[in-house]
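A.B. asks: Shown below is the structure under consideration.
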Amino acid sequence: MARRIIMVTVKFRFVAVSLFAFIFLTSFLLLNNHYKFIYTLSNVAYSHVVVIDPGHGGIDSGTSQGDILEKDLNLKLALRVKKLLQKQKIKVILTRDKDISLEDQSSLPDTRYKRDLDARKNIINNNHPNLFVSIHTDARPDEPTASGIGIFYFPKSENSKKIAQKIHSVINEIIYNNYLKQTEKMFPIAPGDYYILRETTPPGILIEIGFLTNSKDLYRLQSEEYQSQLALAISKGIVYALKNSP
């Protein structure tokens, strides 16, 4: 009887020690992998930095057509572009990632509208991106036939012009040939004396993605498929510009 008790005790101790060793080893591996994961995330080598600026936001809806607001279209597209660029190991900074205006981030003694623009300018300049893209949607109530995509650059920035040309060529290939070719024209790139282009140091462009006052543009801009393809075209254009910039 005493021998049997001793054997049971030994077996119990063996099982207990084995279980303890298993728990310890598992915990160590999990903890080690956890720190390896954190280390990997914190040491991602971004190839480039890009700022995406979804125009308007918050109290400033931009242009509109019924319940379709420019600020919402701009943001939705910007988030899509960001996701695609991040897959290319590009660091993406958004001037806003939700429905807000940025005037509270500026100390400029001016109107709410000017403070909002000043805050966007500061985000772009302070992050020193390789390039930036400001996304907007157009409207011409007095000219409902106006349609299509427009890309603008600051006339005194040769680098911005080259970026505009490269992004335009990709958008032309993906969007114009598949969606606009039959009825609308693809606007050529054009110089534009916009505040966000004039007051920023890094090269960049402003893109008008369509006209809410044009029925065909309005229909396309509400299409998930078109939004997806437009985001793809912009992101591919950005990658093309980055790879072919000095």
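Every read-out reported here was derived from the displayed coordinates using simple, explicitly stated rules and does not represent laboratory data. Everything quoted here is computed from the prediction, not taken from an experiment. Reconstructed Cβ throughout: ideal geometry from the backbone, glycine too, with neighbour counts over all protein chains shown.
A.B. asks: What residues have an amide H closer than 5 Å to that of residue 187, excluding those fewer than 5 places away on the same chain, when H is modeled at 1.01 Å from N in the peptide plane?
C.D. replies: 149
A.B. asks: Let me ask another. Taking neighbour counts of Cβ atoms within 10 Å as a proxy for exposure, in what order, fewest first, do 152, 187, 211 appear?
C.D. replies: Fewest-to-most Cβ neighbours within 10 Å comes out as 187, 152, 211.
A.B. asks: Say R0 is 30 Å: what FRET efficiency, to the nearest 0.05, do residue 114 and residue 201 get from their beta-carbon distance?
C.D. replies: With a Förster radius of 30 Å, E is 0.95.
A.B. asks: Along the Cα-to-C-beta direction of residue 87, a point sits 7 Å from the Cα; which residues of the stretch 221-246 have their amide N less than 17 Å from that point?
C.D. replies: 224-240, by backbone N distance to the label point.
A.B. asks: Just flag the trypsin sites (Lys or Arg not before Pro) in the stretch 115-200 sitting in loop per DSSP whose Cβ has no more than 16 other Cβ atoms within 10 Å.
C.D. replies: 156, 181, 185
A.B. asks: Given points 7 Å out from each Cα along the Cα-Cβ axis, report the residue 59 to residue 177 separation in nanometres with one decimal.
C.D. replies: Going from the residue 59 label point to the residue 177 one covers 4.7 nm.
A.B. asks: Sort 157, 215, 134 by Cβ crowding within 10 Å, fewest neighbours at the top.
C.D. replies: Listing 157, 215, 134 from fewest to most nearby Cβ atoms yields 215, 157, 134.
A.B. asks: Non-local amide H neighbours of residue 210 (under 5 Å, H modeled in plane, Pro and chain starts lacking H): which ones?
C.D. replies: When sequence neighbours closer than 5 places are left aside, the close amide H contacts are 138, 150.
A.B. asks: Loop-only trypsin sites (Lys or Arg not before Pro) in the stretch 212-246, please: DSSP not H, G, I, E or B, and at most 11 other Cβ atoms within 10 Å.
C.D. replies: Answer by residue number: there is no such site.
A.B. asks: When the chain is fully extended, how far beyond the present Cα-Cα distance does residue 104 get from residue 169, taking 0.36 nm per residue of separation? Working shown, then result.
C.D. replies: Working: separation 65, 0.36 × 65 = 23.40 nm, distance 3.72 nm.
Difference between extended and current length: 19.7 nm.
A.B. asks: Which loop GluC sites (Glu not before Pro) in the stretch 196-246, with loop taken from DSSP, have no more than 15 other Cβ atoms within 10 angstrom of their Cβ?
C.D. replies: Here the sparse-neighbourhood loop sites are 199.
A.B. asks: Residue 243 versus residue 223, label points 7 Å from Cα toward the beta carbon: distance in nm?
C.D. replies: Going from the residue 243 label point to the residue 223 one covers 2.7 nm.
A.B. asks: Count the DSSP beta bridges whose two residues both fall in the stretch 101-246, then state the antiparallel fraction as a percent rounded to the nearest 5.
C.D. replies: DSSP beta bridges in the stretch 101-246 are roughly 25 percent antiparallel.
A.B. asks: Can you list residues from other chains, or at least 5 along the same chain, whose modelled amide H is less than 5 Å from the amide H of residue 134?
C.D. replies: 53, 205, 206, 207
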